[in-house]
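Heads up: the structure comes next, in structure tokens.
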């Protein structure tokens, strides 16, 4: 399936112009992509969630993983609940982020959809705990990371906090990072490259409801 996935410019926001500073370009892209996501209907989001679960669960690194770091999506993000349930039914251990003060985050085990709650306004749903400490990330065999966009060079556009870039530097060597986006959020790195800064960490693969693609992450 992954060989058929290609970047497409159809319905793809790209408000980047020549000479724009990378941080400004990121901010413009974030605004445009978030607006585009809000226009997607609940029905289309539900359909995408079911397809995305099947795609991600079939990626070899995910199939082989005993411990998967994942995330519980906000309303407009590619929904991950069907994926979490599918992996849980396999017997995979799933670690989800738990937000702390400032940029501090912890991790807790996913134990089912009923335990996921929005603990504070604007935050993604979180498990109830217990918190496992930041070092548990070293047990991860694969990381499934949220993104607003990914390009075919492996550049990932996040929400702007830089937290996942730090997480991806803490995993064991060789652990793959897979970003999940909607189909139109996969960008051609030659035609429409995403802006990149020194601290940004590339991902090894991108998954959409239409398939997945290995990337030349470095």
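Determine whether the stretch 148-167 contains at least one residue that is surrounded by 16 or more Cβ atoms within 10 Å (Cβ to Cβ), at pLDDT below 95, touching a strand residue (DSSP E or B) at 6+ places or on another chain (Cβ under 6 Å) and over 19 Å from residue 93 (Cβ atoms).
Yes - at least one qualifying residue is present in the stretch 148-167.
Contact list please: Cβ distance under 6 Å, first residue in the stretch 1-16 and on the phi > 0 side of the Ramachandran plot and modelled with pLDDT of 80 or more, second residue surrounded by 12 or more Cβ atoms within 10 Å (Cβ to Cβ) and not in a loop (DSSP other than H, G, I, E, B), pairs at least six apart or on different chains.
From the stretch 1-16, the pairs are 11/184.
Which strands (runs of 3 or more DSSP E) sit wholly inside the stretch 133-218 and have at least 1 residues that are under 24 Å from residue 28 (Cα atoms) and touching a residue at least 24 places away in the same chain (Cβ under 8 Å)?
Numbers: elements: 142-146, 149-151, 176-180, 205-208, 211-214.
So the answer is 142-146, 149-151, 176-180, 205-208.
Which members of the stretch 76-103 meet the condition of being out of contact with any strand residue (DSSP E or B) (no Cβ under 7 Å at 6 or more places or on another chain), touching a residue at least 24 places away in the same chain (Cβ under 8 Å), closer than 15 Å to residue 123 by Cα and surrounded by fewer than 19 Cβ atoms within 10 Å (Cβ to Cβ)?
Selection gives 76, 103.
Select from the stretch 107-118 the residues that are in a loop (DSSP other than H, G, I, E, B) and either out of contact with any strand residue (DSSP E or B) (no Cβ under 9 Å at 6 or more places or on another chain) or surrounded by 14 or more Cβ atoms within 10 Å (Cβ to Cβ) (or both) and list them in ascending order. Walk me through it before giving the result.
Let us first name the residues in the stretch 107-118 that are in a loop (DSSP other than H, G, I, E, B), namely 110-112, 116, 118.
110, 111, 112, 116 - these are the residues of the stretch 107-118 that are in a loop (DSSP other than H, G, I, E, B) and either out of contact with any strand residue (DSSP E or B) (no Cβ under 9 Å at 6 or more places or on another chain) or surrounded by 14 or more Cβ atoms within 10 Å (Cβ to Cβ) (or both).
What's the number of the condition residue 35 fails, among (1) farther than 13 Å from residue 148 by Cα; (2) free of Cβ contacts under 8 Å to residues at least 40 places away in the same chain; (3) loosely packed, with under 14 Cβ neighbours inside 10 Å?
Tallying (1) farther than 13 Å from residue 148 by Cα; (2) free of Cβ contacts under 8 Å to residues at least 40 places away in the same chain; (3) loosely packed, with under 14 Cβ neighbours inside 10 Å, residue 35 fails exactly one: (1).
The values are calculated or read from the model by the stated rules, or taken from the named source; none is laboratory data. All values derive from a computational prediction rather than experimental measurement. Note that each Cβ is placed from the backbone with ideal geometry, even for glycine, and that neighbours are counted across all protein chains shown.
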